[in-house]
Amino acid sequence: MATATGRVAPAPETAAARAFPPGFTWGTATAAYQIEGAAALDGRTPSIWDTYARTPGKVRNGDTGDIATDHYHRWREDVAIMADLGVSAYRFSLAWPRVQPTGRGPSLQKGLDFYRRLTDELLDRNIQPLATLYHWDLPQELEDAGGWPERATADRFAEYAGLAAEALGDRVRTWTTLNEPWCSAFLGYASGVHAPGRTDPVAALRAAHHLNLGHGKAVQALRSALPSDALVAITLNVHHVRPLTGNAQDADAARRIDALANRVFTGPLLHGEYPADLLRDTARLTDWSFVRDGDTEVIRQPLDFLGVNYYTPTVVSAATGDAGHNSDGHGKSAHSPWPGADNVAFHLPPGDTTAMGWAVDPSGLYDLLLRLGRDFPDLPLMITENGAAFDDYVSPEGEVRDPDRIAYMRGHLTAVHRAIEAGVDVRGYFLWSLLDNFEWGYGYSKRFGAVYVDYPTGKRIPKASAHWYSKVARTGTLDG
Ligand code: FCB
């Protein structure tokens, strides 16, 4: 990425407009299962999301990613849309079951060819590809062998990372290993609202460790296969956790959630150890003996930047009884995604909400970026996802007017700009998402796209927000 050559200097501020630093990356983001479709084509095998979506009652309306936005066939059109928007980068994910169908052994040429064609087209159009290796589509065969709670899955992931890097390293310079391992571990294995839908808190903690380990091993595999100027990172949905009040009990609830949401990853990834308070909080569930000598050294690999996904803050208080884990914005389940953190209530901050029911709160992003800048001063940050779902529809004139999304983006980009002004090293911003798509447990009922997708026909209609974002990306400036 143009931004990778060094720390970008904060741009001078003017009263009316906010100019981002030269070289700031403007991108859009997607993920394979959410857009590709072609679930059984060219040798792709089922992932845990195919299995989960086909399980009655798991995904709203029984939706699946079988067809999704049909990006597997419409990729050229989608790249053309991005070129029209004038974005400088595109974050997408490789479907592991398309590249290495059983999760072990050789790669599949047809799967790799799809990503070769896609990335060639992106580069032809001057759009820098950022490839995510894992956006939640574990090959089902690996789940059948135990999934992320099993250590062997970390080795499988590193092998796949090496294959991907060898095949695409000549054209993809920027890589992230995992997308939001918190969701994979805790929604996948504790609350069960994501694939594979297990509800075993200890399995979730084991999964978190093996995702961390898989990341570390994958970074090693990437570095040995990629040119030395490649950029390697991980994307976390770092939660901005706020206590509801200043009292000590609420502060402790925030500490416990912060440990399970954030520090279970940033601890080993960036400091080389699991936080002592996390081990203590979860001691009645596990002694963490699945962490072997040397693991945390493997996990702590030098990173070129940290990918940050932010949508809304997490407001918590201490509670009596089993209060509130259903209202934490991560889907409804009788099982908590927070192992060992009982008696925590989650609160919706006042103000507007999106169609997901998530609070619109750009100050959370500002505070989060400042905290990350303070905690990890030498680590550049990249916003790898930010965006909002609203109930968009096509007007009789054939337009999609989405002022709420524009307001959301304006607010959050202002927060990013303020953070840069305050000295935080933020290198870029990827809007979630390029297209309306399969929103996991919510199926197609939630529209996050800058581009509207008419699912019956596949037709794409850039929304008003796409035109707005295009202007920001082209000028690098946010109007006052
Ligand atoms: C993130 C996911 C992304 C999308 C957005 C709304 O947690 O990474 O795939 O679903 O939320």
(message) Net charge within 11 Å of W175 by Cβ-Cβ distance, Lys/Arg positive one each and Asp/Glu negative one each, not counting W175 itself?
(response) +2
(message) How big is the dipole moment of segment 17-479 about its Cα centre under a simple scheme where the beta carbon of each Lys and Arg is +1, that of each Asp and Glu is -1, and everything else is neutral? Debye, nearest 20, please.
(response) 320 debye
(message) Please return the longest range in the chain lying between exposed loop sites, taking chymotrypsin sites (Phe, Trp or Tyr not before Pro), DSSP loop only, at most 15 other beta-carbon atoms within 10 Å, and leaving the sites out.
(response) 1-287
(message) Can you compute the charge dipole magnitude of segment 379-473 about its Cα centre, using +1 on each Lys and Arg Cβ and -1 on each Asp and Glu Cβ, nothing else charged? Give it in debye, rounded to the nearest 20.
(response) 180 debye
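Among D352, D229, which comes first, second and so on when ranked by fewest other beta-carbon atoms within 10 Å?
Working: D352 14, D229 9.
The fewest-first ordering by Cβ neighbours comes to D229, D352.
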(request) Identify all lysines with a Cα-Cα distance to K471 below 29 Å; exclude those on the same chain that are fewer than 8 residues away in sequence. (result) K446, K459, K463
(request) Any lysines with Cα under 28 Å of the K217 Cα? List them, leaving off those in the same chain fewer than 8 positions away. (result) K110
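Using the alpha carbon gyration tensor of segment 66-140, what are the three equivalent-ellipsoid semi-axes (square root of 5 times each eigenvalue), largest first, in whole Å?
Gyration-tensor ellipsoid for segment 66-140: 24, 12, 11 Å.
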(request) Considering only DSSP beta bridges where both residues belong to the chain, give the percentage that are antiparallel (nearest 5). (result) 25 percent
(request) Evaluate the relative contact order of segment 17-479 (contact order divided by residue number), counting alpha-carbon pairs under 8 angstrom at least 6 apart; express in whole percent. (result) 18 percent
(message) Please give me the summed charge of the neighbours of L130: other residues whose Cβ is under 13 Å from its Cβ, Lys and Arg +1, Asp and Glu -1.
(response) +2
(request) Could you check the simple spin-label distance between R104 and D42, using points 7 Å along Cα→Cβ, in nm with one decimal? (result) 2.6 nm
(request) Only helical DSSP H runs with n ≥ 4 go in: add -39500 (n - 2.57) per run for the chain, normalise by residue count and round the 222 nm mean residue ellipticity to 500 deg cm²/dmol. (result) -10000 deg cm²/dmol
(message) Starting from the 7 Å offset along Cα-to-Cβ, what nm value, one decimal, do you get for the label separation of H271 and S395?
(response) 5.2 nm
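Most exposed first by the Cβ proxy, i.e. fewest other Cβ within 10 Å, how do D252, D392 rank?
Fewest-to-most Cβ neighbours within 10 Å comes out as D252, D392.
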(request) Would you mind ranking K463, K332 by Cβ crowding within 10 Å, fewest neighbours first? (result) K332, K463
(message) Compute and list, largest first, the equivalent-ellipsoid semi-axes of segment 17-479 from the alpha carbon gyration tensor, each √(5λ) rounded to a whole angstrom.
(response) 30, 27, 23
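Throughout, read-outs are computed from the coordinates displayed, never taken from laboratory work. What you see is a predicted model; the values in this text were computed from it and never measured. Using ideal geometry, Cβ is built from the backbone for each residue, glycine included, and neighbour counts are taken over all protein chains shown.
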